[in-house]
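Okay, so here's the structure we're looking at.
The values are calculated or read from the model by the stated rules, or taken from the named source; none is laboratory data. Everything quoted here is computed from the prediction, not taken from an experiment. Every residue, glycine as well, gets a Cβ built from its backbone with ideal geometry; the counts of neighbours run over all protein chains shown.
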Amino acid sequence: MQPETRVSAEREQVNCLYRIWEVLNRLDTDFEEAFTVVAKAIPVCVRFPDLCRVRVIYAGQTFAAEKAVETSWFYGQEIRVQNRAAGNILVYYTQEVPLVSGALFDDNERHLFEMIAVRLGHFIEHRELLRNLGHIPPKKKESTAQRPNDWRTLIALLRNTNLDLVFRLSHKMLVHLRLRGMAEADSIMERLGVHAEREDDDDATTAMMPVQRSREDTITFSEDVFRLASTSLSDDEVFTCLHRWMQEDKCSYFARTISNPDSTLRETIDAIRFLSHCAAQGVELSDWLLKAAHVHLIQRFLSDQLEFVKIAKDYIAKDDFYDLIRRMVYLQGSHGKLGAKGARLFLASHILQKKSGEHPELRKIKTPKSWYITTDCLFAFLCYNNLEDLMDQKYKKLDQVRQEYPLVAQFFRHAQFPPEIVRGLAMALDDFGDVPLVVRGSSLLEDQLGAEFSGKYVSRFIPPYGRKQERLKAVLDGIAEVYASVFAAEPIEFRAERGLIDFEEDVGVLIQEAVGMRVGRYFLPAFSGDAYGGAENIPGIRGESMLRLVFGLGTRMNARPEDDSSVQYTLSQSPRLLTILNIGKHAGDTAMMDVINLESAQIESLVVNDFLKSYGRKFVGIEQVMSSIRDGQTVPFSPLGFEYDKDQCLVTFDGMVRSTPLVQQIRTILDVLVKAFHTPLEIEFATNGHDLYLLECKGPRQGRTAKS
């Protein structure tokens, strides 16, 4: 298949999933509508859509968008509900077509059918449960006279579909009857003999093993229990008990799925969606379940570090995960997480949101829209391209790693991504729209405060123009560069210095909307910065909270001292300017700034004065960034009458510090986050000229103190 044809096919498959998922996620969708939509959507994304017909078979009924056909050219995908066959998706060609590797449908098409079948299985399971619980009204409203027989109909249905559930419900009813003082319940319990000892067995271990239940035994047990219930309890009481127990049973399945470390990301996400459906339908969930699920979700998606979990459970609600899972890219059997950078930013944003009621200045603090590629996709990428041997690169001598890195980077540039990742990224681009993006690494090893990998992995800028397939390729190339940088000498040396070399380096990818504005052919924030705080409130740690600002991209804060154009202030109640290089140097041609060239999509370093000569009059808010120089002294900047070709100016952010709430906002952000994390912190931020965006929250770099 040609590259452009493959991209088109993948786009159609993504659109197909969108249409199906949209219908299945609606609470008012019935089986007929769901199956008909599936039958109509699938043909669009196969090789020969005009020749394709689809039938969905469930509960003895056939659903199709067009007249049903039966030919010898078909593929069947089983629909399973609770590990039992429940139906089939049959995809036909009306005439013979060319084969692909001996098959009617290629790997991507068959994988699509499998994904749809899995999703249909979950849809059927959820709808059947909710209907049985009475939360989805039937097409025709039943009369009140039929209500007393509801529980009998329900038990009869379950005996044919879920005998294990029948046993659990029968056992609960038996306990309920015993608590109500029904003497016959004891004799039924004795006949059950679930834990009866085998006295004729000399092996004590075997003698204590539970007796296996046959289907006939379970049905007999159930009939005995509910016969007693029908004579001892009212129909309304029986129905109410079954209603509550079925809710508890299904919710316990949800809890087991969430808490099971072997559950895949897909299974966990489906459990979350099921919980959302139940809550929307008014299903009551027990407090213990909600608390347990809350903690397990934090551990599953964000971090299993004890300190992180203790903090996160106070600020992140289970509902916050509903939006998160819609913005994750992962593989079918994934067990990955967001990575520490993404997890800490996610937590920090929710801390600030929760505290914004106490601190109004936090209400205007934002975080960039983000999508996350899970940490285990790196290894899947390596395996997909037969590059697994690179996992041992970290044990080589650093000189050898440096020599081999250009070849490693070349391998990654020409590597392919698993189709699931490509489809997920296509959805992400649709969600972002035509905005500039930044691709960043997010390592699991950064879970430990003080082991942050800031600057160790590359970041890539994705311009906001081009056709979707061009932007998709740019994003994939950016991710490949992030992955390649994991095997560079600098991060390997960094991990070795911190005793992390023997741990697997699982790196997630954080894709974010870039913060900034377009100025001519450049894209840049009005300013960027970082701030450090909290040491003065921690016994035994010395330091003063400080703020550092830089014109343009924050990459300039890591520049060489002779090019440093950053400005440093204390974060005291009366901010004090700490560091600024000599006026002559900053007023001359050596003060630099970093911008993104939209034409090359690369970071470019410019002389500040050269940028101002071209764009100073167009830059909104320039008076907050610059100060004028008169007679060797800095004075407030006034754009009126300022001659950029002749007059001298200096980056001081004096207007920003004096005339805006920036310092108070940064001080409050640090105070709130330090109190939540119980440790000194460093944050990074940027502005698009209107809003302040938090970009990162991390432990302080080693040796970080305020300059004097």
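Name the one entry in R26, R6 that is at pLDDT below 80, within 30 Å of A474 (Cβ to Cβ) and either surrounded by fewer than 16 Cβ atoms within 10 Å (Cβ to Cβ) or not assigned by TED's automatic domain parsing to the domain that holds A86 (or both). Explain how you work it out, then say what you get.
Values: R26 fails: within 30 Å of A474 (Cβ to Cβ).
After ruling out the rest, the residue left standing is R6.
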So, V422, is that one in a strand (DSSP E or B), over 22 Å from R300 (Cβ atoms) and at pLDDT 90 or above or not? no
Of all residues in the range 679-694, which are assigned to a loop (DSSP other than H, G, I, E, B) and under 17 Å from P661 (Cα atoms)? N688, G689, H690, D691
In the set A41, A34, the lone residue that is modelled with pLDDT of 75 or more, among the hydrophobic types (A, V, I, L, M, F, W, C) and touching a Lys or Arg at 6+ places or on another chain (Cβ under 6 Å) is A41
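Would you confirm whether or not the range 329-352 contains a residue that is buried (at least 16 other Cβ atoms within 10 Å of the Cβ), among the polar types (S, T, N, Q), farther than 30 Å from R110 by Cα and in contact with a Phe, Trp or Tyr (Cβ under 6 Å, 6 or more places away or on another chain)?
Looking for residues that are buried (at least 16 other Cβ atoms within 10 Å of the Cβ), among the polar types (S, T, N, Q), farther than 30 Å from R110 by Cα and in contact with a Phe, Trp or Tyr (Cβ under 6 Å, 6 or more places away or on another chain), one finds none in the range 329-352, hence no.
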Would you pick out the residues in the range 369-393 that are in contact with a Lys or Arg (Cβ under 7 Å, 6 or more places away or on another chain) and not aromatic (F, W, Y)? S370, T374, T375
Would you mind finding the one in T367, T375 that is modelled with pLDDT of 90 or more and within 23 Å of N260 (Cβ to Cβ)? T375
What number of residues in the range 355-386 are part of a loop (DSSP other than H, G, I, E, B) and surrounded by fewer than 17 Cβ atoms within 10 Å (Cβ to Cβ)? 6
Segments classed as helices (runs of 4 or more DSSP H), wholly inside the range 212-286, with at least 2 members that are modelled with pLDDT under 85 and within 26 Å of the chain's Cα centre (by Cα): 235-259, 265-280
Kindly provide the set of residues from the range 288-337 that are among the aliphatic types (A, V, I, L, M) and assigned to a loop (DSSP other than H, G, I, E, B), ordered by number. L302, I316, A317, L331
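Looking at the range 607-625, is at least one residue part of a strand (DSSP E or B) and farther than 26 Å from F461 by Cβ?
Keep residues of the range 607-625 that are part of a strand (DSSP E or B), which gives 607.
Going one step further and asking which of them are farther than 26 Å from F461 by Cβ, we end up with none.
No, every residue in the range 607-625 fails to be part of a strand (DSSP E or B) and farther than 26 Å from F461 by Cβ.
Let's see how each residue does on (1) in contact with a helix residue (DSSP H, G or I) (Cβ under 7 Å, 6 or more places away or on another chain); (2) of a type in the set (A, V, I, L, M, F, W, C):
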position: V309; (1), (2): yes, yes
position: A312; (1), (2): yes, yes
position: Y322; (1), (2): yes, no
position: G336; (1), (2): yes, no
position: L345; (1), (2): no, yes
position: H350; (1), (2): yes, no
position: Q353; (1), (2): no, no
Looking only at the range 388-411, count how many residues are without any contact (Cβ under 8 Å) to a residue 40 or more places away in the chain and either of a type in the set (G, A, S) or within 30 Å of R326 (Cα to Cα) (or both). 1
Which condition breaks for K646 when tested against (1) assigned to a helix (DSSP H, G or I); (2) free of Cβ contacts under 8 Å to residues at least 60 places away in the same chain? (1)
Residues of the range 618-649 being touching a Pro at 6+ places or on another chain (Cβ under 7 Å) and either under 30 Å from L437 (Cα atoms) or assigned by TED's automatic domain parsing to the domain that holds S459 (or both), which ones? I622, E623
Could you grab the pairs with beta carbons closer than 7 Å, sequence gap of 6+ or different chains, first residue in the range 88-110 and farther than 25 Å from H122 by Cβ and in the same structural domain as C45 (by TED's automatic domain parsing), second one of a type in the set (D, E) and assigned to a loop (DSSP other than H, G, I, E, B)? V100/D106
